[in-house]
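**Student:** For reference, the structure I am asking about is given below.
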Amino acid sequence: MTKPHAELRRALGSFATGVTIVTARDPGDAEHAAADVGLTVNSFSSVSLEPPLVQWCIARRAASFAAFERASHYSVHVLAADQQALSARFASHGIDRFAGLELERGPAGLPLLGGCVTRFVCRIEQRYAGGDHLILLGAVEQFETSDADPLVYLRGGYRQVLSSGAG
């Protein structure tokens, strides 16, 4: 018999989402040195155009949870269709996700990835409790975008966007 949360997860997986990597620069604390953090996320969404706000959610059990709690900024990288390997890399555990990557730097040393469809640089405006997740509301300070096709995720796998021809 399927557990109710497994059924809910399957039902939620029927909603196609873009794939993003969210990065931040953990300023560190008395026990931790400053460090880059990042993870693959599909919980990203727009909130408001005026003022420009976006949000995403991080699981409280995530290894980088405390770092995102301490950070002042984050960057959302909307991945391009050819960036599946990068998505998998930032979803992996126990590796240096940034090893060998060329990075740009944003506010507060924020690590910025290249080759994405869109990139948002955000100042953390608010943090809200959301069950077993934390919701991070960000004020968009900068963004850049392209016409590249995005990476899409549906029912546990990557998908391609098909053009309907209605431009």
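Read the figures in this text as sums done on the coordinates, not as results from a lab. Because the structure is a prediction, the values reported are computed rather than measured. Positions of Cβ are backbone-derived with ideal geometry, glycine not excepted, and every protein chain shown enters the neighbour counts.
**Student:** Over the chain, with a Gaussian network built from C-alpha contacts below 10 Å, which listed residue (Thr145, Thr40, Thr23) shows the highest mean-square fluctuation?
**Tutor:** Of Thr145, Thr40, Thr23, the most mobile in the Gaussian network model is Thr145.
**Student:** Now a separate question. What is the gain in length, in nm to one decimal, between Leu101 and Ala62 on full extension, counting 0.36 nm per residue of separation less the C-alpha to C-alpha distance?
**Tutor:** Working: separation 39, 0.36 × 39 = 14.04 nm, distance 2.21 nm.
So the chain would gain 11.8 nm between Leu101 and Ala62.
**Student:** Continuing with this model, one more query. Would you calculate, for the chain, the mean residue ellipticity at 222 nm contributed by helices, counting each DSSP H stretch of 4 or more residues as -39,500 (n - 2.57) and dividing by all residues, to the nearest 500? List each step's numbers first, then the result.
**Tutor:** Numbers: 3 runs with 23 residues, N = 167.
Mean residue ellipticity at 222 nm (helix-derived): -3500 deg cm²/dmol.
**Student:** Moving on to the next point. Let me spell out the model: positive unit charges on the Cβ of Lys and Arg, negative unit charges on the Cβ of Asp and Glu, origin at the Cα centre of the stretch 16-156. What dipole size does that give, in debye rounded to 20? Present the calculation step by step, with values, prior to reporting the outcome.
**Tutor:** Numbers: 11 positive and 16 negative charges, 72 e Å.
Charge dipole of the stretch 16-156: 340 debye, to the nearest 20.
**Student:** I'd like the FRET efficiency for Gln142 and Arg10, computed as 1/(1 + (r/R0)^6) with the beta carbon distance as r and R0 of 25 Å, rounded to 0.05. The partial results should precede the final answer.
**Tutor:** On the way: r = 37 Å, r/R0 = 1.48.
It comes to 0.10.
**Student:** Based on the Cβ-Cβ distance of Arg155 and Ala30, what FRET efficiency does E = 1/(1 + (r/R0)^6) give at R0 = 30 Å, to the nearest 0.05?
**Tutor:** Numbers: r = 44 Å, r/R0 = 1.47.
Taking R0 as 30 Å, the efficiency between Arg155 and Ala30 is 0.10.
**Student:** Report the equivalent ellipsoid semi-axes for the stretch 16-156 in whole Å, largest first, defined as the square roots of five times the eigenvalues of the gyration tensor built from alpha carbon atoms. Present the calculation step by step, with values, prior to reporting the outcome.
**Tutor:** Numbers: eigenvalues 84, 65, 50 Å².
Result for the stretch 16-156: semi-axes of 20, 18, 16 Å.
**Student:** Quote the FRET efficiency, to the nearest 0.05, computed for Ala129 versus Gln84 with a Förster distance R0 of 41 Å and r equal to the Cβ-Cβ distance. The partial results should precede the final answer.
**Tutor:** Numbers: r = 32 Å, r/R0 = 0.79.
The calculated FRET efficiency here is 0.80.
**Student:** In whole Hz, with x marking every Gly and Pro, tabulate ³J(HN,Hα) for the stretch 25-31 from phi via Karplus 6.51 cos²θ - 1.76 cosθ + 1.60, θ = phi - 60°.
**Tutor:** Each residue's phi maps through the Karplus curve to give 10, 6, x, x, 8, 4, 9 Hz.
**Student:** Can you give the net charge of the other residues whose Cβ lies under 12 Å from the Cβ of Pro51, counting K and R as +1 and D and E as -1?
**Tutor:** On the way: positive: Arg123; negative: Glu50, Glu125, Glu141.
Taking every Cβ under 12 Å from that of Pro51, the sum is -2.
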